[in-house]
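Chemist: The structure under discussion is supplied below as structure tokens; questions concerning it will follow.
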Amino acid sequence: MPNLRMMNKNGMVSKIQTRIRTDSFKNNYDLVGKELGRGKFAVVKKCVEKTTGEEHAAKFLRKRRKGEDCRMDIIHEIAVLESAMSNPFVVSLHEVYETTAEIILVLECAAGGEIFQQCVADNDEAFTEQDVIRLARQILMGVACLHHNNVVHLDLKPQNILLTSSRPLGDIRIVDFGLSRCMDSMKEVREILGTPEYVAPEVLNYEPISTATDMWSIGVLTYVMLTGESPFLGSDKQETFLNVSQVNVDYSQDVFEGVSSLAIDFIKSLLQKSPRKRATAEECLKHPWLAGHPHPHLHSSHLPSLDEPDTSQSESDPEPESPASS
Ligand code: ADP
Ligand code: MG
């Protein structure tokens, strides 16, 4: 962990090692294809580096947002990406450019797009439980490594978990450290951050944020990946907040048809109102649902015992399920 030193009391880092280039991004890269995605303050486009022919993703961040100078927020995002350079499940940072209005992060391109697409897809495109097991392990290894370095992401959701490829299903890359914080310096951070559907009760209640806050979001994420349904989403923000703070979750067979009871048990270990009761990332990796799968870092195509392509039984063939797991 070379450089998460210069931190202010809000868990923000102000010092980076990457040289910020002020020469023209357009001289060095061609923009190709359409947009890869966009968020609140950023547009992400595919680009090709002229000298190498390599594909990258350029994230264009406006420095002024709602009339405020947000340059230091972007510097913090860069610092966290730098600190995660050796984490194989965090998107890697290639270069940084700055213009008068923008900072451009040149990132590794995660060509498979957001896992969101497959979470909401129809049956034959949706993840199988074996897919989710492999991807959840990767997410947890990535997050365990972040937490080990005292970084909390605070915005883990299907739009910020990307895939290196979608067909065949590749590996995950965690992106978007715009809301992340460093814990050592943040004695007590209480802020309303994140996205209501994925945000933990302590955030809504203005209680201290910790690594356990991310673990809640991983519980929600796993629920969505397995069922295609968002467990707390209400018809409006108010209702969503209420569902979260009451931990109002449907674990019925209707929702979890064909999903193992171990998976449900895993989700329950994370969707605990009290942050202290939630499993840590390390503990999650030892949970029986995820433990015992060798070589989880490898692509599924390297694992003949998992994910055997079996197109004959796509929809109506749920695995036998042990009773009583509500
Ligand atoms: P924001 O902070 O505005 O949410 P993100 O970093 O989440 O910005 O990027 C917005 C979207 O752009 C993501 O949800 C994803 O669809 C796409 N995206 C971001 N980074 C990459 C990348 N490295 N490769 C491919 N697509 C990306
Ligand atoms: Mg985002």
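The values are calculated or read from the model by the stated rules, or taken from the named source; none is laboratory data. Everything quoted here is computed from the prediction, not taken from an experiment. Cβ atoms come from the backbone with ideal geometry, glycine included; neighbour counts cover every protein chain shown. SASA here: full protein model, heavy atoms, side chains in, ligands and nucleic acids out. Shrake-Rupley method; radii C 1.70, N 1.55, O 1.52, S 1.80 Å.
Chemist: For the chain, what number results from the quotient of the Cα radius of gyration and 2.2 N^0.38 Å?
Modeler: For the chain, the normalised Cα radius of gyration comes out at 1.01.
Chemist: What distance in nm lies between label points placed 7 Å from Cα along the C-beta direction at Glu191 and His148?
Modeler: About 2.6 nm, to one decimal.
Chemist: Using a 1.4 Å probe over the heavy atoms of the protein chains, calculate the carbon and sulfur portion of the accessible area of segment 81-128 as a whole percent.
Modeler: 48
Chemist: Please sort by residue number the trypsin sites (Lys or Arg not before Pro) in segment 33-138 whose DSSP state is loop and whose Cβ has at most 10 other Cβ atoms within 10 Å.
Modeler: Here the sparse-neighbourhood loop sites are Lys40, Lys66.
Chemist: May I ask for the angle, rounded to the nearest 10°, between helix 129-148 and the longest principal axis of the chain, with both axes built from Cα atoms and the value confined to 0 to 90°?
Modeler: Rounded to the nearest ten degrees, it is 50.
Chemist: Debye calculation, C-alpha points only, no solvent: report log10 I(q)/I(0) for segment 110-229 at q = 0.12, 0.15, 0.23 Å⁻¹, in the same order as the q values.
Modeler: -0.42, -0.65, -1.33
Chemist: Quick one: accessible area per residue over segment 179-254, 1.4 Å probe, rounded to a whole number of Å²?
Modeler: In whole numbers, segment 179-254 has 42 Å² accessible per residue.
Chemist: Would you work out the charge dipole size for segment 138-252 about its Cα centre, treating the Cβ of every Lys and Arg as +1 and the Cβ of every Asp and Glu as -1, and quote it to the nearest 20 debye?
Modeler: Taking the Cα centre of segment 138-252 as origin, the dipole is about 300 debye.
Chemist: Cut-off 10 angstrom, C-alpha nodes, Gaussian network model of the chain. Which of Asn123, Asn27, Asn248 fluctuates the most?
Modeler: Asn27
Chemist: Further question on the same structure: Segment 205-271: D in µm²/s via Stokes-Einstein (Kirkwood Rh, Cα pairs, 4 °C, 1.567 mPa s)?
Modeler: The calculation lands on 103 µm²/s.
Chemist: With point charges of +1 on the Cβ of Lys and Arg and -1 on the Cβ of Asp and Glu, referenced to the Cα centre of the chain, which listed residue (Val96, Ala84, Leu271) lies farthest in the positive direction of the dipole?
Modeler: The one lying farthest along the dipole's positive direction is Val96.
Chemist: In addition: If you line up the long axis of helix 71-83 against the longest principal axis of the chain, both from Cα atoms, how many degrees apart are they, to the nearest 10?
Modeler: The angle comes out at about 60 degrees.
Chemist: Moving to a separate point now. Just want to confirm a number: the relative contact order over the chain, from Cα pairs under 8 angstrom separated by 6+ residues, in percent.
Modeler: Once divided by the residue count of the chain, the mean separation gives 15 percent.
Chemist: So, one more: Using all Cα-Cα distances in segment 173-244, what percent lands in each 5 angstrom bin from 0 up to the longest?
Modeler: Taking every Cα pair in segment 173-244, the percentages come to 3, 15, 24, 26, 18, 10, 3, 1.
Chemist: Next question, about the same structure. Taking the dipole about the Cα centre of the chain, with the C-beta of Lys and Arg at +1 and of Asp and Glu at -1, give me whichever of Gly112, Gly170, Ile20 is farthest to the positive side.
Modeler: Selected residue: Ile20.
Chemist: Provide the three semi-axes, in whole Å and in decreasing order, of the ellipsoid equivalent to segment 151-284 as defined by the square roots of 5 times the Cα gyration tensor eigenvalues.
Modeler: Rounded to whole Å, the semi-axes are 23, 19, 14.
Chemist: Once amide H atoms are built 1.01 Å from N in the peptide plane, which residues 5 or more positions from Gly170, or in another chain, come under 5 Å H to H?
Modeler: Under 5 Å from the amide H of Gly170 lie the amide H atoms of Thr164, Ser165, each far enough along the sequence or on another chain.
Chemist: Continuing with this model, one more query. Where does the chain land at 222 nm, in deg cm²/dmol rounded to the nearest 500, when only DSSP H runs of n ≥ 4 count, each adding -39500 (n - 2.57), divided by all residues?
Modeler: -8000 deg cm²/dmol
Chemist: Then there is this: Only Lys, Arg, Asp and Glu count, each charged at its Cβ (+1, +1, -1, -1), so figure out the dipole size of the chain about its Cα centre, rounded to 20 debye.
Modeler: With only Lys, Arg, Asp and Glu charged at Cβ, the dipole is about 1860 debye.
Chemist: Choose one answer from Gly67, Gly258, Gly113: the residue with the largest mean-square fluctuation in a GNM of the chain with alpha-carbon springs under 10 Å.
Modeler: Of Gly67, Gly258, Gly113, the most mobile in the Gaussian network model is Gly67.
Chemist: Just Ser92, Ser217, Ser235 to compare: in a GNM of the chain, with alpha carbon springs under 10 Å, which one fluctuates most?
Modeler: Evaluated over the chain, the most mobile residue of the options is Ser235.
Chemist: Still on this structure, I have one more. Once you compute Rg and the Kirkwood Rh from C-alpha atoms, what is the Rg to Rh ratio for segment 1-104?
Modeler: Ratio of gyration radius to Kirkwood radius: 0.96.
Chemist: Per q in 0.13, 0.17, 0.18, 0.23 1/Å, what log10 I(q)/I(0) does a Debye calculation on the alpha-carbon atoms of segment 45-98 return?
Modeler: -0.41, -0.67, -0.74, -1.02
Chemist: Same structure, new question: So how strong a dipole does segment 1-146 carry about its Cα centre when Lys and Arg Cβ are +1 and Asp and Glu Cβ are -1, to the nearest 20 debye?
Modeler: Magnitude of the dipole: close to 820 debye.
Chemist: Could you pull out the pairs from Lys34/Lys286; Lys46/Lys66; Lys46/Lys237; Lys59/Lys268; Lys15/Lys66; Lys45/Lys286 whose alpha carbons sit more than 31 Å apart here?
Modeler: Lys34/Lys286; Lys46/Lys237; Lys59/Lys268; Lys45/Lys286
Chemist: Give me the Kirkwood hydrodynamic radius of segment 55-188 in Å, from all C-alpha pairs, to one decimal place?
Modeler: Taking every pair of different Cα atoms in segment 55-188, averaging 1/r and inverting gives 15.8 Å.
Chemist: A further question follows. Helix 261-270 versus the longest principal axis of the chain: what angle, 0 to 90°, nearest 10, using Cα atoms?
Modeler: It is inclined by approximately 40 degrees.
Chemist: Moving to a separate point now. Taking DSSP loops as anything outside H, G, I, E and B, show the longest stretch in the chain free of GluC sites (Glu not before Pro) there with at most 16 other beta carbons within 10 Å.
Modeler: By the stated rule (loop sites, at most 16 other Cβ atoms within 10 Å), 55-124.
Chemist: Measure off 7 Å from each Cα along the Cα-to-Cβ vector at Glu239 and Glu207, then give the distance between these two points in nanometres to one decimal.
Modeler: A separation of 2.6 nm, rounded to one decimal place.
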